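*Asks:* Here it is, the structure, as structure tokens.
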Amino acid sequence: MIPDLISALIAIVLVCVTVLDQPLLDSQHGLLLVAGIALAVLGVLANRADYLKWPGIAVAAAGVAILMLIVSGLSSASSETTFWVVFWSANIAGLMALWSALYRGPRTSSDTGES
């Protein structure tokens, strides 16, 4: 649950920076790299700890998408590509992380039935 909450917080910050401060997004590729690595690692940790496995995989994939954007050099070449990749990756990571943090799995029925 803790990796999911941290992932959701990182994703919210990424979406806010993407929408509200485009020049910061274009100039701080190191912060995007750190955020991508953090999302990938937290997604793997969430995958190991949570009941459902697919939200952790989705968060890790969103982090890898941000990493690939930075490593490939597309973030320097195209501001629009950076905007859309970070925007959608962070939205997906945030939604999946919150889903996984709030979902606790099916409840088991108790064997103490009424007689």
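The values are calculated or read from the model by the stated rules, or taken from the named source; none is laboratory data. For clarity, every value in this text was computed on a predicted model and none was experimentally measured. A quick note on method: Cβ atoms are made from the backbone with ideal geometry, for glycine too, and the neighbour counts reach across all protein chains shown. Quick note on the areas: whole protein, heavy atoms, side chains included, nothing else; ligands and nucleic acids left out. Shrake-Rupley method; radii C 1.70, N 1.55, O 1.52, S 1.80 Å.
*Asks:* Accessible area per residue, 1.4 Å probe, Å², for region 27-115: what's the number?
*Replies:* For region 27-115, the solvent-accessible area averages 62 Å² per residue.
*Asks:* What does the charge count near Leu32 come to, summing +1 for each Lys or Arg and -1 for each Asp or Glu among other residues with Cβ under 13 Å from its Cβ?
*Replies:* Here the charged neighbours net out to -2.
*Asks:* Any idea what % of Cα-Cα pairs in the chain are farther than 20 Å?
*Replies:* Working: 2669 of 6555 pairs.
Considering the chain, 41 percent of its Cα-Cα pairs are separated by more than 20 Å.
*Asks:* Continuing with this model, one more query. Taking only DSSP H segments of four or more residues, each worth -39500 (n - 2.57), what value at 222 nm results for the chain once the sum is divided by all its residues, to the nearest 500 deg cm²/dmol?
*Replies:* Counting only the DSSP helices, I get -26500 deg cm²/dmol.
*Asks:* Turning to a different aspect of this structure: List the relative contact order of region 12-87 as a percent without decimals, with contacts defined as Cα pairs under 8 Å and 6+ residues apart. Intermediate results must be reported in sequence, preceding the final value.
*Replies:* Details: 83 pairs, mean separation 26.8, N = 76.
Over region 12-87, the number comes to 35 percent.
*Asks:* For region 1-48, which whole percent of the accessible surface, found with a 1.4 angstrom probe, sits on carbon and sulfur atoms?
*Replies:* Solvent-exposed carbon and sulfur of region 1-48 make up 80 percent of the total.
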